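Have a look at the structure below before the remarks.
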Amino acid sequence: MVSLKHSAAALVFFISSAAVADEMHAPRFIASNADWNAAAKSLPDAADDAAAAFPPLNAALGTRFPGIEKSTVPVLLPIDLAAYRKDRDADSADAATSNKYFGDFFPSKFFLAGPAGYDVTFWIKPSEAGFKFNWPKPIEIELGGAAYTYDLDDPNHQEIFPPPKELADKFPGIKRILRENHVRYAFERFGVPYVVSIQCYDRRPSSKYISCREADPVAIRFLNRLVTVGGTPGQTIAEPKVNLARPTEPAKDGFSYYGPGDLIPNSGWHKMPGRADYTVYARVRFPMEAPAYIKSQSFLHWGDCYRTGHVGRLTHDAPYHCKVNDKPLVFNESNPENFNYPWRDNFCEMRDFLVGQCPGGYGHQGQDMRPSNCVIDNDGGDRCLPYQHTILAVHDGLMWRTPGNLGAYVAWNTADEHVRFRYLHMNPKMMDDDGLVTGRPVKEGEVLGKVATWGDYESGTSYHLHFNLQVFTKVGWVWVNNYMTLVASYENLIGGRGTEIKAGDPAPVIPDKPPVVLHPTPPPAATAEAKPAEPKSMTDAKPVEAKRPEIMKAEKVEPPAKKKMRRKKRHKRRSDDD
């Protein structure tokens with residue numbers, strides 16, 4: 001049985017007191033209470049002594065699922081355990097490499113176990129598994145079991161449907177849920193919450209997206225293969241705690257930010273407000289060097305107002321505004337407002353993406369941020385050049401990313417945090433070349449890549465990083481507003497406390513901040529060449545190093561070759577993130 005220090009009878013072992021308005025606060029957690037004796041009795045040999053039964057299992061499965069013994073909850077996997085152990089005991093080479101034990105599924109390189117439980121993903125090729133639908137690509141299935149889950153406030157937009165009878169009998173209380181473009185099966189076994197999840201779209205089948213009706217039978221087949229295979233009983237789990245310490249001195253660089261949920265006026269879904277979430281979900285390193293700016297990419301300068309319409313032409317340096325508000329904009333990505341404080345939340349900004357934690361159920365899923373400055377090629381340009389600033393790992397963790405994919409996750413599992421952060425808009429080709437794929441461990445502060453403009457192609461979006469956060473709940477991984485998590489991270493990075501701009505406060509004046517020009521137009525030639533002054537001494541004659549505006553701290557990486565596009569198409573791009 002999992003031991004909990006100071007656990008409450010109701011198993012809600014850490015609920016922060018009512019948060020003071022406008023102050024950061026910690027998340028709430030609900031503890032699991034694993035019944036390891038029941039888990040031991042579910043084994044093929046129905047063991048009575050859990051402490052004796054699980055170590056041999058961990059040793060047997062550890063070669064295929066490294067670290068399985070670290071899980072504080074019983075590990076379920078879709079494996080023919082008897083066949084696997086038989087081959088392993090016989091020293092068969094199949095035990096080390098063959099996927100025949102997993103039926104139609106095969107494990108990925110993502111398996112992460114620790115104090116918070118475990119997470120794993122498997123693949124299946126529907127075209128080879130006898131399903132009735134025709135989907136040519138492999139489908140990834142997520143599975144997780146949790147020693148504690150995050151307890152979130154409403155709204156929690158989702159749809160719940162009755163599960164098939166075969167699953168209801170086998171998994172009492174199981175729920176079939178559609179949430180945030182995933183079909184999910186959430187159930188409890190041995191006192192532990194487990195979730196099986198597949199990304200899908202609640203729409204008619206197409207060649208681009210798997211529908212949830214197609215994904216559902218895959219999840220059912222996966223669930224029917226699950227058996228108990230590992231984990232370590234008796235591990236002590238203390239109350240999760242998130243460090244909320246903040247600098248006491250004001251930030252020297254004038255760092256300021258609008259409060260969480262305070263979107264650019266009317267930029268939310270159907271003009272709804274954002275989510276005023278002051279929760280710091282994890283203590284992380286900020287993903288860029290300072291200064292950096294959390295800013296809207298769609299409703300600020302050079303943004304296209306994300307399908308809400310605009311007044312004025314989107315041509316170089318032309319004035320315009322979005323139809324949802326009257327904020328004056330200029331069609332130039334290097335506009336000073338894009339690269340200055342204050343920050344502004346854009347988690348629930350207008351997008352067509354399902355976000356259960358946004359008031360309307362739709363939103364942006366995360367935060368867009370820009371680095372310290374805009375670098376342009378020539379005078380008069382209106383696009384920031386990619387690959388001028390570095391992106392860093394926010395924590396020690398494990399990468400989860402399929403080669404060629406735009407999104408890259410860093411996940412970690414500790415006694416205090418069960419989270420994963422996603423990076424978007426880096427160049428996928430560069431990430432592939434750097435080996436940023438599933439199974440690679442990373443260290444906090446490690447360079448993961450460069451800020452880019454990759455949407456579905458080079459220059460397919462503005463120069464920024466989209467950054468979002470998921471936490472594990474009783475319905476699996478869900479998006480939460482990471483704005484205050486980033487505020488806390490940034491304050492720690494710069495060693496100063498930011499100033500929150502509240503309702504009624506005057507809007508700050510945006511200082512001028514011209515872009516850095518790599519190839520400026522040379523000034524007109526002088527009529528007469530000035531004669532250099534004679535040095536007073538030999539020491540005065542030492543050469544002086546030429547000073548240039550700061551572009552970046554990291555080396556410049558040449559962007560990959562790209563096709564020339566007509567100007568009409570140059571700004572026709574995906575507005576933002578997947």
>> Just to confirm the number: angle between the C-alpha axis of helix 212-223 and the first principal axis of the chain, 0 to 90 degrees, nearest 10?
In response: 50
>> I need the semi-axes of the equivalent ellipsoid of segment 387-534: take the C-alpha gyration tensor, multiply each eigenvalue by 5, square-root it, list largest first in whole angstrom.
In response: 38, 24, 16
>> If you take every DSSP beta bridge fully contained in the chain, what fraction is antiparallel? Give it as a percent rounded to 5.
In response: 85
> What is the sum of charges around K100, taking Lys and Arg as +1, Asp and Glu as -1, for the other residues whose C-beta is under 11 Å from the C-beta of K100?
Replying inline: -4
>> Per residue of segment 170-184, what does 6.51 cos²θ - 1.76 cosθ + 1.60 with θ = phi - 60° give for ³J(HN,Hα)? Whole Hz please, x for Gly and Pro, Karplus curve as stated.
In response: 7, 10, x, x, 5, 10, 9, 10, 9, 8, 6, 6, 9, 8, 10
> Calculated FRET efficiency, A507 and E446, Cβ-Cβ r, R0 45 Å, to nearest 0.05?
Replying inline: 0.75
> Considering only V280, G303, P265, whose Cα is most displaced toward the positive end of the charge dipole of segment 197-311, charges sitting on Cβ of Lys, Arg (+1) and Asp, Glu (-1)?
Replying inline: G303
> Which FRET efficiency, nearest 0.05, do D151 and T521 yield, Cβ-Cβ r, R0 60 Å?
Replying inline: 0.55
> In degrees between 0 and 90, to the nearest 10, how far off the longest principal axis of the chain does helix 483-494 point, with axes built from Cα atoms?
Replying inline: 60
> Full extension from K170 to K323: what is 0.36 nm times the residue separation minus their Cα-Cα distance, to one decimal in nm?
Replying inline: 49.8 nm
>> Output wanted: per-residue J couplings in Hz (rounded whole) for segment 74-90, from phi through Karplus 6.51 cos²θ - 1.76 cosθ + 1.60, θ = phi - 60°, x for Gly and Pro.
In response: x, 8, 9, 9, x, 10, 7, 5, 4, 5, 5, 5, 4, 5, 5, 5, 8
>> With the alpha-carbon atoms as the only input, what is the per residue convex hull volume for the chain in Å³?
In response: 208
> With charges set only on the Cβ (+1 for Lys and Arg, -1 for Asp and Glu), what does the dipole of the chain come to about its Cα centre, in debye to the nearest 20?
Replying inline: 1580
>> Given all pairs of different Cα atoms, what value in angstroms does the Kirkwood hydrodynamic radius of segment 256-510 take?
In response: 18.6
> What is the pair-distance distribution P(r) of segment 23-66, computed from all Cα-Cα distances in 5 Å bins starting at 0, with each bin given as a whole percent?
Replying inline: 5, 19, 18, 15, 14, 8, 7, 6, 5, 2, 0
>> Within segment 331-347, name every residue whose backbone N is under 17 Å away from a label modeled 7 Å from Cα of T499 along the Cβ vector.
In response: 340-344
> For segment 270-278, in order, what is each residue's ³J(HN,Hα) by Karplus, 6.51 cos²θ - 1.76 cosθ + 1.60 with θ = phi - 60°, in whole Hz (x at glycine and Pro)?
Replying inline: 6, 6, 6, x, x, 10, 7, 9, 8
>> With +1 on the Cβ of every Lys and Arg and -1 on the Cβ of every Asp and Glu, and nothing else charged, how large is the dipole of segment 256-510 about its Cα centre, in debye rounded to the nearest 20?
In response: 560
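Every number in this text was worked out from the coordinates using simple rules, so none of it is lab data. Keep in mind that this is a model prediction, so the values were computed, not measured. Note that each Cβ is placed from the backbone with ideal geometry, even for glycine, and that neighbours are counted across all protein chains shown.
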